Amino acid sequence: MSTGIVTTDLRKTFPARRWQGWRRRHVAPVAAVDGLSLRVPPGQVTGLLGLNGAGKTTTIRILSTLLRPTGGTVTVDGLDVVDHAREVRRRINVISGGERMVYDRLTARENLWYFGQLYDVPRARLRTRVGELLDLVGLTEAAQLPVERYSRGMRQRLVIARGLINDPAYLLLDEPTLGLDAPIAHQLRALIAQLAADGVGVLLTSHYLAEVEQLCRHVYLIARGSLVAQGSPAQLAGQTVRRHTVRLVLSVADPAVTAALRALAARHDAELIVDVDDGGRPRFALRHPEDLVGVVVTAVVQRGATIVGLTVTPPTLEDAILTLTDPAVMAR
Amino acid sequence: MSHALRVVAAEALKQHRRLFGQPLVLFSMLLWPLLTLAATYYTVLPVMESATASQRWPVAADPRRLLAFLAAGALAYTFFFSLVQSAWHFSFERVSGTLEALFLSPANRMALVIGNGAAALTQNAWLFGCFAVAAATAADVLDVAHPGMYVVAALALVVPAVAWGAFLNSLLIFSRDSAFLYTLLDDPLWFVAGVRLPLFALPVWIKAVGVAFPLTSSLVVLRGALLDRADLGDLAGALGWLVVLTVGLFLAASALLRLGEARVQRTGNLQVF
């Protein structure tokens with residue numbers, strides 16, 4: 001039964017040693033994942049976000065059986081990843097950015113055939129599967145070339161095909177579009193969405209937040225190995241203190257307008273940044289949980305000033321990550 | 001079991017494609033062993049021509065038998081050292097990132113290291129093996145008790161070599177300093193296993209070290225079966241010891257793989273030593 005990937009109070013500490021004189025001595029272990037509970041259901045893309053060192057890659061390595069947790073449990077469709085590692089490996093696969101994990105001297109077709117054998121894909125199925133995957137990632141014409149002659153993008157596409165060779169029920173994607181050109185990254189995002197629509201459970205980590213907002217139905221935000229927040233990308237973005245940003249540029253500087261905007265910011269307890277743009281024109285940025293564009297424009301127009309530029313930026317996932325993973329906020 | 005066999009075959013083919021891309025590879029398959037054999041022969045020949053040498057070791061008196069003795073040594077050494085090379089190459093998979101892809105898969109780890117070693121054996125040794133057998137037949141130096149001893153000799157060479165390969169692969173994939181072992185198992189292996197000299201000519205402590213290497217006993221069987229008309233009864237001791245070593249090497253390989261992977265899972269570091 002497909003119950004998804006479920007972690008409960010997951011913990012991972014790494015043993016640490018430090019040189020003391022001529023000997024390396026054990027010191028306090030380093031916690032990389034600390035009490036993380038999450039669920040990756042089938043048929044949707046789930047995001048795992050956090051700053052560098054938050055524990056995203058460690059989590060993915062535990063889910064994929066490359067690492068053994070030091071506490072808590074991980075199950076894949078009810079199978080414990082420690083006790084049933086081999087069966088779990090048949091159901092999952094991992095795609096990492098950085099185009100490693102393929103053999104340079106082998107052709108794309110040979111690489112896929114080889115990994116198909118390791119995953120025990122039935123012979124007849126493997127013959128068709130290799131062709132399908134080469135088509136899917138656009139490498140059919142280059143299928144007989146050694147991978148060492150591939151461009152970076154082509155190699156990454158082959159890595160993606162390798163990750164799909166066993167028809168995984170769950171796909172763990174660790175920065176899969178890292179270093180890819182925009183069109184190829186776009187194709188990959190479409191592919192991920194299609195896989196989820198076909199029933200594959202996908203866990204995605206990415207530094208490209210637009211990608212996460214586009215693909216993920218649910219996002220877990222972690223910091224220092226612990227869960228900080230979770231929800232849909234929109235829900236997470238809405239949890240931040242700094243929300244809408246109103247930016248406007250005036251045709252000429254007017255002290256009365258500047259004073260009015262300062263008063264308005266003080267009245268609403270909003271953050272106001274005043275500077276000039278490249279053309280030397282006055283520029284204002286007002287940040288507040290509510291969209292203050294109406295009162296801002298009214299205040300400017302009432303004083304007879306001319307607005308030459310106006311943008312309103314709604315709350316973003318980036319704001320949420322920066323705010324929610326801020327050590328000061330976490331301490332509160 | 002069928003999955004394990006598929007893994008062995010796939011790993012062997014992969015390793016072949018990774019390492020054998022140019023016709024120049026014939027150099028390492030035939031010319032290099034031949035050069036080494038020639039160098040050895042012409043190095044020891046002047047010494048063997050002395051009267052005292054032939055008194056202690058009658059083979060030394062007959063250049064044809066001496067060459068056969070050294071060729072058997074070179075052949076067996078080619079088998080075993082090709083596995084050292086293969087294990088050294090396998091260790092690069094850790095650096096290139098593909099080892100992680102292997103550990104992600106449900107493939108039997110033992111099947112992987114056996115397949116890797118089997119590939120090295122087949123691709124590195126067959127040409128020189130064929131050449132050595134053809135040359136020995138043409139020179140009429142083979143002296144075999146009965147045809148079944150050819151099979152015994154072949155098995156005594158191949159099976160322990162595969163176990164040796166599995167053991168080395170298991171050891172070196174987790175090693176950062178694999179070059180050290182590569183060097184350690186080159187010339188010293190020649191020496192302690194009696195590749196160039198008969199074992200009785202070696203000091204006792206070297207003989208004791210040599211006993212731990214399967215190449216030593218494989219050579220005893222190979223030379224005895226093919227050059228000295230020895231039968232199963234004559235070779236029972238060496239064959240029995242080869243079985244012990246082979247089983248021991250497979251068990252050690254299995255333990256190393258389990259311990260290595262468990263440590264990798266604990267520390268997150270693919271480099272164990």
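Numbers at a glance
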{"read-out": "Flag for B:G115 being more than 26 Å from A:S96 (Cα to Cα), within 13 Å of chain A (Cβ to nearest Cβ) and modelled with pLDDT of 85 or more", "value": "yes"}
{"read-out": "Helices (runs of 4 or more DSSP H) enclosed by region B:164-229 - at least 1 residues per element that are buried (at least 17 other Cβ atoms within 10 Å of the Cβ) and without any contact (Cβ under 8 Å) to a residue 24 or more places away in the chain", "value": "B:204-211, B:214-227"}
{"read-out": "Test: residue in region B:230-243 that is outside any helix (DSSP H, G or I), at pLDDT 85 or above and at negative phi", "value": "yes"}
{"read-out": "Of the criteria (1) buried (at least 20 other Cβ atoms within 10 Å of the Cβ); (2) closer than 30 Å to A:S37 by Cβ; (3) polar (S, T, N, Q), which one A:T316 fails", "value": "(1)"}
{"read-out": "Filtered residue count, region A:73-131, keeping only those that are in a loop (DSSP other than H, G, I, E, B), without any contact (Cβ under 8 Å) to a residue 12 or more places away in the chain and either at the interface with chain B (Cβ under 10 Å from one of its Cβ atoms) or under 18 Å from A:L173 (Cβ atoms) (or both)", "value": "0"}
{"read-out": "Entirely in region B:2-81, the helices (runs of 4 or more DSSP H) that have 3 or more residues that are under 24 Å from the mean Cα position of the chain (by Cα) and more than 30 Å from A:Y114 (Cα to Cα)", "value": "B:32-48"}
{"read-out": "Total residues in region B:104-135, condition surrounded by fewer than 19 Cβ atoms within 10 Å (Cβ to Cβ) and in contact with a Leu (Cβ under 7 Å, 6 or more places away or on another chain)", "value": "2"}
{"read-out": "Scope region B:61-93; condition within 14 Å of chain A (Cβ to nearest Cβ), surrounded by fewer than 23 Cβ atoms within 10 Å (Cβ to Cβ) and not acidic (D, E); matching residues", "value": "B:H89, B:F92"}
{"read-out": "Subset of region A:133-146 that is surrounded by fewer than 16 Cβ atoms within 10 Å (Cβ to Cβ) and away from chain B (no Cβ under 14 Å) - its residue that is nearest to A:A182 (Cα to Cα)", "value": "A:G138"}
{"read-out": "Complete set of residues in region A:147-190 that are in a helix (DSSP H, G or I), within 16 Å of the chain's Cα centre (by Cα) and surrounded by 15 or more Cβ atoms within 10 Å (Cβ to Cβ)", "value": "A:A185, A:L188, A:R189"}
{"read-out": "Qualifying positions in region B:136-161 - under 13 Å from the mean Cα position of the chain (by Cα) and surrounded by fewer than 23 Cβ atoms within 10 Å (Cβ to Cβ)", "value": "B:A154, B:L155, B:V158, B:V159"}
{"read-out": "Test: residue in region B:84-100 that is under 21 Å from A:V81 (Cβ atoms) and touching a residue at least 60 places away in the same chain (Cβ under 8 Å)", "value": "yes"}
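The values are calculated or read from the model by the stated rules, or taken from the named source; none is laboratory data. Quick caveat, the model's predicted, so the values are computed rather than measured. Note that we place each Cβ from the backbone using ideal geometry, even for glycine, and neighbour counts take in every protein chain shown.
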